[in-house]
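The values are calculated or read from the model by the stated rules, or taken from the named source; none is laboratory data. Note that the structure is a prediction, hence the values are computed from the model and not measured. Positions of Cβ are generated from backbone atoms using ideal geometry, with glycine treated the same way; all protein chains shown enter the neighbour counts. Each accessible area value is taken on the protein alone, full model and side chains, heavy atoms only, with ligands, DNA and RNA left out. Shrake-Rupley method; radii C 1.70, N 1.55, O 1.52, S 1.80 Å.
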Amino acid sequence: WGATGHQTVGYIAMQFLAPNALSFVQSSLGTTYNRSLGVAATWADDVRSQSAYAWSAPLHFVDAEDNPPTSCSVSESRDCGDNDCILGAIANYTTRVVTTSLSATQRQEALKFLDHFIGDIGQPLHVEAIEAGGNGISAKCSGSSTNLHSVWDSGIINKLVSANYSSSAITWANSLATRIKTGSYKSLASSWISCSSTTSPASIDSDIANLLSKRTITPLACPLVWAKESNAFDCSTVFTFTTGQDLCTSTYYNNAVPVIELQIAKQGYRLAAWLNVLFDGAT
Ligand code: DCM
Ligand code: DCM
Ligand code: ZN
Ligand code: ZN
């Protein structure tokens with residue numbers, strides 16, 4: 001996602017944090033990030049282009065070697081064999097954010113990476129290999145020439161948020177959070193976090209203990225579930241355009257908007273639930 005998508009994921013998560021998770025987030029991020037996951041969510045993209053953080057660029061996605069729109073799939077062994085992808089990254093930073101022997105700076109960095117990667121894994125083209133996640137596929141958005149990846153990261157979102165949410169990530173986040181609390185997403189929300197609740201806190205703790213003892217990073221179960229869900233939208237929605245179609249003014253836009261709003265809302269809610277399991281033992 002672009003900046004607005006990431007900020008919105010973070011602002012949504014802030015509305016669902018349990019007490020200990022909220023306390024850690026606020027004290028870890030501090031005034032630099034206005035104590036908010038919304039503000040801190042774009043840090044990982046800010047550093048990605050710096051040479052000191054060049055190693056982090058492949059952690060923003062997993063190149064699923066599937067064949068959309070005919071066939072969609074994600075496989076850890078096929079697509080993230082060396083763990084140098086978003087699946088391994090979420091496992092790594094999940095461990096690091098709760099490792100008390102790390103410095104406050106290292107744990108803040110782990111939190112900022114989780115904040116960002118739990119957003120990115122919800123973007124269907126961050127879970128797709130073709131043409132570097134669609135970066136190599138030319139596309140039109142409101143008359144401008146761009147690429148398919150950029151249409152999904154920001155083109156459609158910029159149009160939506162400017163038309164309906166006063167160009168404000170906070171306004172968009174408030175609308176999506178209200179839908180989760182009392183609106184059209186309310187009946188879905190528990191299924192969104194079924195992975196973190198069926199995997200009990202005890203078994204998540206043992207995953208973390210396992211990771212620490214082995215000193216290797218094995219992708220966790222839930223990020224793979226989330227990746228498969230995102231990747232399925234490559235077959236149902238993302239790769240269903242026709243050549244020359246303007247993706248930001250047509251039926252394509254109208255089909256994409258509900259998917260994008262769902263994925264942003266879901267990943268914000270999942271980010272909060274993930275931190276609640278880690279810091280509050282929430283189920
Ligand atoms: N880091 C990582 N994997 C690497 C190299 C670095 O996860 N192969 C992360 C750990 C910290 C940050 O980089 O988030 C800085 O680490 P260090 O201080 O060890 O360079
Ligand atoms: N990206 C991706 N999959 C790839 C390569 C890149 O999802 N195989 C993402 C990362 C950024 C965007 O595409 O969100 C642009 O990447 P870059 O600046 O590395 O071209
Ligand atoms: Zn992207
Ligand atoms: Zn990213």
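Quick notes on this one:
- Filtered residues of the range 20-69 (kept if within 16 Å of ligand 4 (Cβ to nearest atom), farther than 19 Å from CYS80 by Cβ and not in a helix (DSSP H, G or I)): ALA41, THR42, SER49, GLN50
- There is no residue in the range 119-133 that is among the polar types (S, T, N, Q), in a loop (DSSP other than H, G, I, E, B), within 16 Å of ligand 1 (Cβ to nearest atom) and touching a residue at least 24 places away in the same chain (Cβ under 8 Å).
- Residue under evaluation ILE137, criteria (1) at pLDDT below 95; (2) more than 24 Å from ARG35 (Cβ to Cβ), criterion not met: (1)
- Within the range 226-252, residues that are small (Gly, Ala, Ser) have Cβ atoms under 6 Å from residues that are open to solvent by 30 Å² or more (accessible area, probe 1.4 Å) in these pairs: ALA232/CYS72, counting only partners at least 6 apart in sequence or on another chain.
- Residue that is surrounded by the fewest Cβ atoms within 10 Å (Cβ to Cβ), among those in the range 134-159 that are in contact with a helix residue (DSSP H, G or I) (Cβ under 8 Å, 6 or more places away or on another chain) and in a loop (DSSP other than H, G, I, E, B): ASN135
A quick yes/no check of all residues on (1) open to solvent by less than 30 Å² (accessible area, probe 1.4 Å); (2) closer than 20 Å to SER154 by Cα; (3) within 16 Å of ligand 1 (Cβ to nearest atom); (4) out of contact with any Cys (no Cβ under 9 Å at 6 or more places or on another chain):
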site	(1), (2), (3), (4)
SER36	yes, no, no, yes
ARG48	no, yes, yes, yes
PRO58	no, yes, yes, no
PRO69	no, no, no, no
CYS80	yes, no, yes, yes
ASN83	no, no, yes, yes
ILE90	yes, no, yes, no
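- With respect to being within 16 Å of ligand 2 (Cβ to nearest atom), in contact (Cβ under 8 Å) with a residue 40 or more places away in the chain, of a type in the set (Gly, Ala, Ser) and open to solvent by less than 30 Å² (accessible area, probe 1.4 Å), ALA41 fits the description.
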